Each structure stands twice: as C-alpha cells, then as structure tokens.
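One structure is given here, and the rest of the page talks about it.
The values are calculated or read from the model by the stated rules, or taken from the named source; none is laboratory data. Keep in mind the model is a prediction, meaning the values are calculated, not measured. Positions of Cβ are backbone-derived with ideal geometry, glycine not excepted, and every protein chain shown enters the neighbour counts. Surface areas here come from the heavy atoms of the whole protein model, side chains and all, with no ligands, DNA or RNA. Shrake-Rupley method; radii C 1.70, N 1.55, O 1.52, S 1.80 Å.
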Amino acid sequence: MGIISKVHPVRSHSNAAQGGINAALQPEDSWESHAYDTVKGSDFLGDQDAIEIMCREAPEEILHLEHLGVTFHRNEEGQLGTRAFGGASAARTYYVADITGQAILHVLYEQLMKHEEVERFEEWFTTALVKDDAGRIAGAVTRNIRDGSLELFSARAVIVATGGNGQLFSPTTNALICTGDGIAMAYRAGAPLMDMEMVQYHPTTLAGLGLLITEGARGEGAHLYNAQGERFMEKYAPNKMELASRDVVSRAEQTEIDEGRGFPDGTVALDITVVPRKRIHEALREIVNVGRDFAGVDITREPIHIKPGNHYVMGGVKTDINGQTGVPGLYAAGECACISVHGGNRLGANSLLDTLIFGRRSGQHAAASGRGLPVPEPAKAELAAEREMIDSIVSRERSGRRVSELKAEMGAVMDKDCSVFRDEGRLQGALEVIKRLQEEVTTVAVDDKGSVFNQDVLGVLELQFMLDNAECTLVGALERRESRGAQFRTDFPERNDGEWLKHINLTANGDVPAVSFSEVTMTQWQPEERKY
Ligand SMILES: Cc1cc2nc3c(=O)[nH]c(=O)nc-3n(C[C@H](O)[C@H](O)[C@H](O)COP(=O)(O)OP(=O)(O)OC[C@H]3O[C@@H](n4cnc5c(N)ncnc54)[C@H](O)[C@@H]3O)c2cc1C
C-alpha cells in the first residue's frame, strides 16, 4: 500500500482550508436538517443517497478527529463550539480558529506515521494511469521529482485523490498545485467526468490576487456593502442575508458590481468591524494577517474590498457512493470526485467533510476489492511512452511562447467567460481559445533541461491536464441550457427541472468529449423553489 503525492502531503491544498467542517452534532440539530440544507444548497442536483451518508456519518467523524487530536474550538462551557456558515439552518461548523484544514491535515499525517505498512512517495508526480489488457486499472506511471526518474507502479486498485482544478482560472483561491491532474488522468483512462460545468465562485476573495477571506467572517457576523453604503443582500436574500449560499451571494455581488454600484476596483466591501475585536483576534486571526499583508487593511478597523473569485469544483470524476469510477479498480475521492454531494453548489465547510467520509469509504472498498487478486503486471509500453513524451518536451528548442504565458491566457479567458455569469457566445469563444492552446502546448519547450526538481517540465504536464479540465468545463457549461447552482446562463436564466434535472457526463472520445446524462438520485426531498 502506498501514497503518492507531488508535494509533501501536509502541503496539500487541504492545508489552506480555513472556516471549518460541518456536522449536525448539537442536540437541537439533526442530520436530516444538514442533509436538506445540502440538497437545497446543491440546487437539487446533489445525489441524495450520498448526501444522506455524508450527513449521517458527520458527527462520528468530528468526534473521531477530536479523539485523534484535532484541537477543535471549545466554548465557554468547555464543549465543542460551532460557528454559523452559509446556507445552513443551524450553526454546525466546527473549527480550529481559521486554520481548520491545517489542524486536520497535520493530525492525519501524524496518524499515518504509525502505519509502517503504508509507503509514502513524497514529491513524486504521477503522469498517467495504466490499465491491463482487460481494461482494469493496473497502476500508474510516476516521476520522482527529486531525480527525474520515471517508475511504473503496479496496483490492484488506485484511488485518485488529487484535489481540485482552481488553477484553470486566474485568479483563484486555490494553491498552485490544484491543476486537476487526477481528473484529467481518470478521464484519459476512460472514466466519465460529471457536472464539470459546476464551478464555485466564492463571494469573498481579494481582487487581483484571489486570496480567500473565509466565509467564517460572515459566519461571525460581517456584513457586505456596495459603494453606496447599502447592505445589498437585503434585496437578494432577505432571510439569510450574507449567509445565503455561495452561488447566491456571488451573483448578488457581481450584479452590484456590473450595474455600477461597486467600487472602482470592481469590488464590494466586507465589513468585519461589526465583530468584536477580541473575537476577530481569536477566531479569524489568519485573515487579520491576510488583510494586513495583502491588502494593507486592518480588518478590525475598516472594511476590506472583495469580489467573487474561483474557489472550488463541484464536478469531477463520476463515482458511486463507494468511490468507484467507470473503470474497474479505479476510485476517486475528495474534490476531484463527483459523487455527487455538492450538485450545483457546495455549502461552505462541506468539502473537508466530503473528503473524510468518502475518502474512508473508497479506501475500505478499494482494499476489500483488491484483496486476493494477483498483483497486476501493467504494460511496460506505457512507461516507455511517458518517458518518450517527457524526453520530447525537454529536448525541444523554444520557438514560441512559454508555458506560463499559455497558462495565463487560459486563466484569464476562463475567469472572463466561464465565471459567475455565462452565455453561449462567450463560452464558445473560450472553448476556441482552449482548443488553440491544446494545439500550442504540444510544441511548447522548457528552459530547464535538467532532471533534478525540474518543475518546468511538470508545468507542461500540468498545463495539459488543465486544458483537458477546461475543455470539459466549457463543454458542460455549453450543454446545460439552464441556470442552476453555480451555472448561471444569462441566455437561459431559469432553472428548468423538466429538461435539466440531470447530471451531465463527459467521456473522452477523440477530439470532443462524448456527452451523456444520468439521473439525479432522490430519496426524500423533491425539488422546490430555492429562496434564502
Ligand atoms: C483557500 C481554501 C479554503 C478552503 N476552506 C475550506 C473550509 O473551511 N472548509 C471546507 O470544508 N472546505 C474548504 N475548502 C475546500 C477544501 O479545502 C478542499 O476541497 C479539500 O481540502 C480538497 O482536499 P483533497 O484531499 O481532495 O485535495 P488536496 O488537499 O488538494 O490534495 C491533493 C493531493 O493530491 C496530490 N496530487 C495532485 N496531483 C498529483 C499528481 N499528478 N501526482 C501526485 N500527486 C498529486 C497533491 O500533491 C496533494 O497531496 C477550501 C479550499 C481553499 C482553496
């Protein structure tokens, strides 16, 4: 058993999670309420069987983490304390100040050290998944970043847990490593992707840089104002106000900005000064630093300018409730997977939960399904093909643009034309740019010709993965001719349950992905009008 990660595991993007993790653990709360909020948050596109599992198992998971050593916030009475979060009908977000992800990831990594049977391949970069002749997953080709050697790993089962793809967009809240590698590798191996058009724009990010100001700020009571001093959420979500779901708040902000009621820098204001200073320093200390270091603003004394920014992908590799994809032996879990618990819009603090609950389930299922099977012998040809591909990138002389320039063009067009508001013309235009970049990337060269920590060459591989992701995002967004969750089509502004209460699946098929549909699983909640 082994874990491969292209960075040291505690540097995974989960480390950046600030606000918290949801569970209905308070006596007056219930898993049904958590599940209903999640279903409503998803704009009824989430699969309710998976949502039920996640919300039922959440309380146990929080206690488990606490017992492992995660120092969750405790209230004055010494009990686990919660904070309010968007789209939730009860305060059910457990947190460690605003470094919840870091706290959880470090504790889990410590626990991993106890298990000597699990080998760790830290700073190894997987370039491709490999199948056997029968079409079952047989392993992966992986590059040791330290010395550039390429190895063929054989495995009875592979779980892709490679995180999100926020780097398709510029700016984004996501770390530089969030390049959708696993989504693209699974897609290339024949696994269908689902709901790739569903991309979350978080309501409070810094303009230009894309840095996140946690939803915890609004959870603690912060308000949003336009440049005219109006608390504009009154118009859009009179009941939940700033704590409506993220798609709703981001659309409201973008509308204010587009209609000329924002600030000249294309932002609105987040006023955290309404939260007592002592509480800000206790519960939001990391964003005090972010405000000071990256915006020159003391958030305890003055409002900070923010705007909607790319944050999360609800879509990903289609899986069942045990993490199985369409390829035998291949599993997916975490942000790269689409089970789907988040449907059209993820609720804040439901993602860490998703990674834990379905990470465990896929691990258990993969272990059980592989038990007793012979260790497969993946075809050596794959290794040779990957080696040749990388050698050809390294040996090419530079004649055109750099990888960074191609990436910047992709990020800009995705952010301009595939963000909060979309329409056919702009999506089509963006797809043409992505298609052109897919051509151009095949001739791109690198300056670093060495083998030790050659990030340059990995940048090319990541860009190729990202372009596959971008293409699928745009194809899904063009296909879905309605507005639901994070997908708002100005040319189809209504949700259309009659035609579009279904998942969009994309399968690799030569030049353009093949489109098919699958049903949304419903258990107890029928679609209804969504108001906050
Ligand atoms: C700034 C920020 C704040 C957030 N705050 C919250 C929050 O408060 N609450 C919440 O619930 N959610 C939050 N989220 C979302 C949540 O953190 C993520 O969705 C979740 O942590 C993703 O976890 P993951 O395990 O799927 O992926 P990651 O944590 O991104 O891990 C992916 C792993 O895959 C490895 N990998 C990727 N590609 C390769 C490759 N080619 N070869 C080898 N290894 C590879 C990486 O090295 C890494 O170890 C936040 C996200 C961001 C960006």
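Structure values in brief
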{"quantity": "Segment 207-356 - Debye-derived log10 I(q)/I(0), Cα point model, q = 0.15, 0.16, 0.17, 0.21 Å⁻¹", "calculated": "-0.83, -0.91, -0.99, -1.28"}
{"quantity": "Descending semi-axes in whole angstrom, ellipsoid equivalent of segment 232-312, from the Cα gyration tensor", "calculated": "23, 16, 12"}
{"quantity": "Rg and Dmax of segment 47-86, Cα atoms only, in Å", "calculated": "12.6, 38"}
{"quantity": "Distant alpha-carbon pairs in segment 26-146 (separation over 20 angstrom), percent", "calculated": "63 percent"}
{"quantity": "Under 11 Å, Cβ to Cβ, from Q324 - net charge with Lys/Arg +1 and Asp/Glu -1", "calculated": "+1"}
{"quantity": "Accessible solvent surface per residue of the chain, calculated while the other protein chains remain in place, 1.4 angstrom probe, Å²", "calculated": "40 Å²"}
{"quantity": "Cα point-scatterer Debye curve for segment 277-388, base-10 log of I(q)/I(0) at q = 0.09, 0.11, 0.14, 0.15 Å⁻¹", "calculated": "-0.47, -0.63, -0.79, -0.84"}
{"quantity": "Dimensionless Rg/Rh of segment 75-145 - Kirkwood Rh, Rg from C-alpha atoms", "calculated": "1.21"}
{"quantity": "Burial order of peptide ranges 309-316, 9-16, 414-421, 64-71 (average beta-carbon count within 10 Å, highest first)", "calculated": "309-316, 414-421, 9-16, 64-71"}
{"quantity": "Between helix 403-417 and the chain: long-axis angle, C-alpha atoms, 0 to 90°, nearest 10", "calculated": "40 degrees"}
{"quantity": "Cα centroid separation, segment 230-304 to segment 1-52 (Å)", "calculated": "24 Å"}
{"quantity": "Principal axis dimensions, largest first and in whole angstrom, of segment 137-260 by Cα", "calculated": "60, 30, 28"}
{"quantity": "Rg to Rh, two decimals, where segment 326-370 supplies the alpha carbon set and Rh follows Kirkwood", "calculated": "1.01"}
{"quantity": "Whole-number D in µm²/s for segment 349-452 (Stokes-Einstein; Kirkwood sum over Cα pairs; 25 °C, 0.890 mPa s)", "calculated": "134 µm²/s"}
{"quantity": "Space enclosed by the convex hull of the alpha-carbon atoms of segment 22-74, per residue, Å³", "calculated": "83 Å³"}
{"quantity": "Dipole in debye (nearest 20) - segment 8-78, about Cα centre, beta carbon charges: Lys, Arg +1; Asp, Glu -1", "calculated": "420 debye"}
{"quantity": "Accessible surface of the chain [probe 1.4 Å, protein heavy atoms]: carbon and sulfur percent", "calculated": "50 percent"}
{"quantity": "Computed [θ] at 222 nm, deg cm²/dmol, the chain (DSSP H ≥ 4; -39,500 (n - 2.57); rounded to nearest 500)", "calculated": "-11000 deg cm²/dmol"}
{"quantity": "Cα pair distances exceeding 23 angstrom across segment 117-206, given as percent", "calculated": "35 percent"}
{"quantity": "Segment 378-532 pair-distance distribution - Cα-Cα, 10 Å bins, rounded %", "calculated": "9, 30, 28, 19, 11, 3"}
{"quantity": "Distance cut-off 41 Å, percentage of C-alpha pairs in the chain lying past it", "calculated": "17 percent"}
{"quantity": "Cα-only Debye scattering, segment 474-532: base-10 log of I(q)/I(0) at q = 0.13, 0.15, 0.21, 0.23 Å⁻¹", "calculated": "-0.40, -0.53, -0.92, -1.04"}
{"quantity": "Residue pairs, from the table K6/K307; K380/K435; K235/K502; K240/K531, whose Cα atoms sit over 20 Å apart", "calculated": "K6/K307; K380/K435; K235/K502"}
